[in-house]
Amino acid sequence: MKRGIVPGTFDPVTSGHLDIIERAASLFEDLVVGVAHSPEKGGGPLFSVEERVDLLVEAVRHLDNVSVRAFDTLLVDFAEEVGASVIVKGLRAVTDFEREFQMAALNWRLDADVETMFIMAVPEYMFLSSSAVKEIAKHGGAVRGLVPDHVVTALERALKPAS
Ligand code: PNS
């Protein structure tokens, strides 16, 4: 049985990410969630990479075969480092397709031994993204259910105006 890897920025982990991780965990003997530093994404992540890892560790606590690690290298190099041969990505609306198709093709070009596999998001989470969650939370909207409960608390703390 192969080891899978679910990579992402996870700023922060959403219920949609968690659904993909749970479904991937049932397909592989063990699964590594790779948290990319991604310092340049969306003007810089809201949460530090350490915070994103901690939020994920808490979110996957119920999954025995899942571990969480940060990485700051090419994804294919990280996959090799952890001994994973399959990259698992969640696919939401059609807008994801072009970017994911490009990344899968480039990763294949970089290392053809690492396969990319897609899991379709469930309709409930089809339009859910970390950036949408942050935008809603920033404006005081309700994000409960869109992210695990401990992430709601972390968002409140991170977005609290400095006093
Ligand atoms: O959750 P995201 O931000 O869509 O995930 C993107 C991620 C982290 C998977 C992607 O940016 C990535 O693989 N970064 C590592 C650097 C790398 O390998 N880049 C080349 C792939 S095209």
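The values are calculated or read from the model by the stated rules, or taken from the named source; none is laboratory data. The structure displayed is predicted, hence computed values, not measured ones. Positions of Cβ are backbone-derived with ideal geometry, glycine not excepted, and every protein chain shown enters the neighbour counts. Calculation scope for accessible area: heavy atoms of the full protein, side chains included, ligands and nucleic acids excluded. Shrake-Rupley method; radii C 1.70, N 1.55, O 1.52, S 1.80 Å.
Since V147 meets every condition but one in (1) within 14 Å of the ligand (Cβ to nearest atom); (2) open to solvent by less than 20 Å² (accessible area, probe 1.4 Å), which condition does it not meet?
(1)
So the check is Cβ under 7 Å with 6+ separation or different chains; which pairs have a first residue in segment 1-25 that's acidic (D, E) and a second one that's within 12 Å of the ligand (Cβ to nearest atom) and part of a helix (DSSP H, G or I)?
Here the result reads D11/R52; D11/S130, each pair linking segment 1-25 to a residue that is within 12 Å of the ligand (Cβ to nearest atom) and part of a helix (DSSP H, G or I).
Among (1) in contact (Cβ under 8 Å) with a residue 12 or more places away in the chain; (2) over 17 Å from R3 (Cα atoms), where does V88 come up short?
Going through (1) in contact (Cβ under 8 Å) with a residue 12 or more places away in the chain; (2) over 17 Å from R3 (Cα atoms) one by one, V88 breaks only (2).
Could you list, in sequence order, all residues of segment 104-131 that are surrounded by 15 or more Cβ atoms within 10 Å (Cβ to Cβ), assigned to a helix (DSSP H, G or I) and in contact with a Leu (Cβ under 9 Å, 6 or more places away or on another chain)?
If the condition is that a residue be surrounded by 15 or more Cβ atoms within 10 Å (Cβ to Cβ), assigned to a helix (DSSP H, G or I) and in contact with a Leu (Cβ under 9 Å, 6 or more places away or on another chain), then N107, Y125, S130 are the ones that fit.
So in segment 85-103, with the set limited to residues that are near the ligand (Cβ under 9 Å from one of its atoms) and exposed (fewer than 12 other Cβ atoms within 10 Å of the Cβ), which one is modelled with the lowest pLDDT?
R99
Could you look through segment 66-84, keep only residues that are touching a helix residue (DSSP H, G or I) at 6+ places or on another chain (Cβ under 7 Å) and open to solvent by less than 80 Å² (accessible area, probe 1.4 Å), and pick out the one that is nearest to L55 (Cα to Cα)?
V68
On the given criteria, is L74 within 14 Å of the ligand (Cβ to nearest atom) and over 20 Å from Y125 (Cβ atoms)?
Numbers: within 14 Å of the ligand (Cβ to nearest atom): yes; over 20 Å from Y125 (Cβ atoms): yes.
Spelling it out, L74 is indeed within 14 Å of the ligand (Cβ to nearest atom) and over 20 Å from Y125 (Cβ atoms).
Could you tell me which residue of segment 10-47 is nearest to E81 (Cα to Cα), considering only residues that are surrounded by fewer than 21 Cβ atoms within 10 Å (Cβ to Cβ) and within 10 Å of the ligand (Cβ to nearest atom)?
Only one residue tops the list, namely A36.
Do you know which of the residues in segment 132-158 that are in contact (Cβ under 8 Å) with a residue 40 or more places away in the chain and outside any loop (DSSP other than H, G, I, E, B) is nearest to G43 (Cα to Cα)? Can you show your working first?
First pass over segment 132-158, keeping only residues in contact (Cβ under 8 Å) with a residue 40 or more places away in the chain: 133-134, 145-148, 150-151, 154-155, 158.
Okay, now just the ones that are also outside any loop (DSSP other than H, G, I, E, B), so 133-134, 147, 150-151, 154-155, 158.
Working: V133: 16, K134: 13, V147: 21, H150: 24, V151: 21, A154: 20, L155: 17, A158: 16 Å.
Filtering first and then ranking leaves K134.
In segment 6-48, how many are over 21 Å from L128 (Cα atoms) and aliphatic (A, V, I, L, M)?
Matching residues across segment 6-48 total 3.
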